[in-house]
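Take a look at the structure set out below.
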Amino acid sequence: MKGVLYYFSGTGNTKWVADRFKESFKLYDINIDLVNIESAEEISIKPYNFFIIGSPVHAEAAPKIVDDFLGRLPKEESRLRAIVYSTQGAKSAAAASIVSKKLEQKGYNVIIQSNIAMPNNYYFGVGRLPTENMQKKMLEEAVEKVEILTKNFIENKHIKECNSLFRRVIGKVSEKAYRSMLPKLSKNITSTKECSKCGLCLRNCPKGNITFENGHAIFHSNCILCLRCIHICPINAITYKGKKINQIQKERAKSLNLNK
Ligand SMILES: Cc1cc2nc3c(=O)[nH]c(=O)nc-3n(C[C@H](O)[C@H](O)[C@H](O)COP(=O)(O)O)c2cc1C
């Protein structure tokens, strides 16, 4: 048995959880190939016995980059078994439920749909800064949850968290409003004079949205507010609304295997 896990991860949480899924399935002698949606040119499902997709939550729903991937995903004739998970700062969100519905429309058999709480990388926009202790606890709980989900999937037991139609409707309304606000929100990201032009943000922006002009990093209009640039900057020179942020994702962003 072999699975494939497609993920998008702005700042490392969703990839960190993907790594935990890989470890957890390994305990059952099952291998999972991890594929970053950003570099998935050809989508190949045929060699696999099951499918997993992981996404962060941006304003209740999955970011558009995940939707675009789902649009390209081939239709499934053999009712391939699937796991859908989201990572978000809160305990629950509509994203996984919305993604599951899209997969089911394509013929996938979603066995597990789960919301895995992880540190909120956008605490300076919504919510509040998670303390070191809160982060540690969330990571421990995430590991336990992944192990439980893996066991249930192997035993073919269905889990559908946050599955109400009401929440999906809220999620879609929120997604639409948020996406229309993105161009304005992304203008909050700027670099300071301290920027050393190392190019790490530029090389790793999922949308190729950053260039250097006149000695400054310029953030263009294609931003999806994944916050990778802010959290990975080696000298914390990228600000939000002119303020430096606490780069709480530094450790987990290592799981992204950035282009150095
Ligand atoms: C623009 C934006 C919007 C977010 N909206 C929500 C939200 O609606 N609910 C929530 O619980 N977390 C929200 N978050 C927090 C992230 O979903 C969470 O930190 C996630 O685990 C980040 O995953 P990543 O590191 O793989 O990108 C938001 C984060 C960003 C950047």
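The values are calculated or read from the model by the stated rules, or taken from the named source; none is laboratory data. Quick caveat, the model's predicted, so the values are computed rather than measured. Because the Cβ atoms are built from the backbone with ideal geometry, glycine has one as well, and the counts that use them run over all protein chains shown. Surface areas here come from the heavy atoms of the whole protein model, side chains and all, with no ligands, DNA or RNA. Shrake-Rupley method; radii C 1.70, N 1.55, O 1.52, S 1.80 Å.
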Subset of the stretch 24-37 (residues that are part of a helix (DSSP H, G or I) and either open to solvent by less than 30 Å² (accessible area, probe 1.4 Å) or touching a residue at least 24 places away in the same chain (Cβ under 8 Å) (or both)): 24, 25, 37
Condition met for residue 117 (open to solvent by 10 Å² or more (accessible area, probe 1.4 Å), of a type in the set (A, V, I, L, M) and under 18 Å from residue 24 (Cβ atoms)): yes
Those residues of the stretch 205-241 which are more than 23 Å from residue 61 (Cα to Cα) and open to solvent by less than 60 Å² (accessible area, probe 1.4 Å), in sequence order: 210, 211, 215, 217, 218, 219, 232, 233, 236, 237, 238, 239
Options 180, 196, 164: the member that is within 16 Å of the ligand (Cβ to nearest atom), surrounded by fewer than 17 Cβ atoms within 10 Å (Cβ to Cβ) and among the polar types (S, T, N, Q): 180
Flag if residue 5 is closer than 17 Å to residue 143 by Cα, away from the ligand (no atom under 11 Å from the Cβ) and surrounded by 21 or more Cβ atoms within 10 Å (Cβ to Cβ): yes
Index of the failed condition, residue 52 passing every other in (1) within 10 Å of the ligand (Cβ to nearest atom); (2) buried (at least 23 other Cβ atoms within 10 Å of the Cβ): (1)
So residue 144, is it surrounded by fewer than 13 Cβ atoms within 10 Å (Cβ to Cβ), more than 22 Å from residue 14 (Cα to Cα) and of a type in the set (Asp, Glu): no
